[in-house]
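Everything below concerns the one structure shown next.
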Amino acid sequence: MADNAPYGVWLGTSAFADYQGRENEFAAELQKLGFPSLWLGGSWGSDLSVIERLLSGSERLVVGTSIANIWRDPAEEVGRAYTRVAERFGNRFVLGLGVGHHPQTEFNQGQYAKPLAKLAAYLDVLDGIVPVPNRALAALGPKALELARDRSAGALPYLTTPEHTRIARQALGPDRLLIPEQKVVLSEEPDEARGLARAVLKMYLGLPNYVNAWRRLGFEEPDFADGGSDRLIDALFGWGPDALDRVREHRAAGADHVCVQPIPRPGRSALDELRIIADQLL
């Protein structure tokens, strides 16, 4: 996947809400555009029915969770769900796993304690069920990247910069996959582009794991105020006529495969934007 087709897609399920129950048709559209992969945002558990419908609509599309949240369902249940999907679709399903976000987990699932130890124990259960080449880990910080290197096919960094990709490549070494996500706004009008980006970024500014990751990249408290500074927005989002250059920068920094997440302009859908992106990138 990474060698021959370096660019895929990252979407939340709301991006194809109009295809609810017909996700196979959406997958067929993506395959027709030439995208080799679709990574699905959210907090997945053992219910993978949406993923099965997506896979059934294509012959080549690889679909991955980004992420299956380890606090949601027991590893045994997720392992059985993975096996069911893999028996139908083989290596076209990748189980992306992660620890989610502290505030959300405390609210929804209870205590968020020693998340990396919990993830390691979760992987212990999945050993022998989910092959290492078919699982990857959400990873931002050094310890999470080490765990991704040692226990999975590689890392799925989200909402980062090409500089983070360079650091992550060094941490992972040359033999593990590095698959960052990159948000793209195709608007060429600065106020509109940054406004759309800030609307998306708002939630993440309240999540300590992301803010801490940005601090490690050199951003400071003023960058996190008032919806995010222009400096932070411009680092995390590709926008304007050169928006897709940011995607290519991840590849130059060491990414094997970059997942593009379009932030639609008013009146347009994610699929509308992906048609333009495919024409320029693939």
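Mind checking which pairs have a first residue in the range 50-75 that is within 18 Å of residue 120 (Cα to Cα) and a second that is of a type in the set (Val, Ile, Thr) and open to solvent by 20 Å² or more (accessible area, probe 1.4 Å), Cβ under 7 Å, 6 or more apart or different chains?
70/99; 75/125
Quickly run through the range 101-128 and pick out the residues that are modelled with pLDDT under 70 and among the charged types (D, E, K, R).
106
Could you check residue 199 against (1) under 17 Å from residue 12 (Cβ atoms); (2) small (Gly, Ala, Ser); (3) under 17 Å from the mean Cα position of the chain (by Cα) and say which number it fails?
Here residue 199 clears every test but (3).
Somewhere in the range 198-218, is a residue in contact with a strand residue (DSSP E or B) (Cβ under 6 Å, 6 or more places away or on another chain) and hydrophobic (A, V, I, L, M, F, W, C)?
Among the residues of the range 198-218, not one is in contact with a strand residue (DSSP E or B) (Cβ under 6 Å, 6 or more places away or on another chain) and hydrophobic (A, V, I, L, M, F, W, C), which makes the answer no.
Consider the range 234-250. How many of its residues are of a type in the set (A, V, I, L, M, F, W, C), within 18 Å of the chain's Cα centre (by Cα) and open to solvent by 40 Å² or more (accessible area, probe 1.4 Å)?
0
Restricting attention to the range 123-143, which residues are open to solvent by 10 Å² or more (accessible area, probe 1.4 Å) and either without any contact (Cβ under 8 Å) to a residue 40 or more places away in the chain or more than 18 Å from the chain's Cα centre (by Cα) (or both)?
Those that are open to solvent by 10 Å² or more (accessible area, probe 1.4 Å) and either without any contact (Cβ under 8 Å) to a residue 40 or more places away in the chain or more than 18 Å from the chain's Cα centre (by Cα) (or both): 124, 125, 127, 128, 129, 131, 132, 142, 143.
Which members of the range 207-233 meet the condition of being within 16 Å of residue 160 (Cβ to Cβ), free of Cβ contacts under 8 Å to residues at least 12 places away in the same chain and open to solvent by 40 Å² or more (accessible area, probe 1.4 Å)?
Filtering the range 207-233 down to residues within 16 Å of residue 160 (Cβ to Cβ) leaves 207-219, 223-224, 228, 231-233.
Add one more test, that the residue is free of Cβ contacts under 8 Å to residues at least 12 places away in the same chain, and what stays is 215, 218, 223.
The answer is 215, and nothing else.
Mind telling me which of the residues 168, 148, 193, 225 ends up being closer than 26 Å to residue 264 by Cβ and either over 17 Å from the mean Cα position of the chain (by Cα) or modelled with pLDDT of 95 or more (or both)?
The unique qualifying residue is 193.
I'd like to verify a number: residues in the range 174-195 that are open to solvent by less than 20 Å² (accessible area, probe 1.4 Å) and either assigned to a strand (DSSP E or B) or not hydrophobic (A, V, I, L, M, F, W, C) (or both), how many?
To start, the set of residues in the range 174-195 that are open to solvent by less than 20 Å² (accessible area, probe 1.4 Å) comprises 178-185, 187, 193.
Those left that are additionally either assigned to a strand (DSSP E or B) or not hydrophobic (A, V, I, L, M, F, W, C) (or both): 178, 180-185, 187.
Count: 8.
Residue by residue, here is whether (1) of a type in the set (D, E, K, R); (2) part of a loop (DSSP other than H, G, I, E, B); (3) crowded, with 16+ Cβ neighbours inside 10 Å holds:
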| residue | (1), (2), (3) |
| --- | --- |
| 17 | no, no, no |
| 26 | no, no, yes |
| 38 | no, no, yes |
| 47 | yes, yes, no |
| 55 | no, no, yes |
| 72 | yes, yes, yes |
| 78 | no, no, yes |
| 81 | no, no, yes |
| 84 | yes, no, no |
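The values are calculated or read from the model by the stated rules, or taken from the named source; none is laboratory data. These numbers come from a predicted model, not from an experiment. Note: ideal-geometry Cβ built from the backbone for every residue, glycine included; neighbour counts use all protein chains shown. For the accessible areas, the whole protein counts, side chains as well, though only heavy atoms, and no ligand, DNA or RNA atoms are used. Shrake-Rupley method; radii C 1.70, N 1.55, O 1.52, S 1.80 Å.
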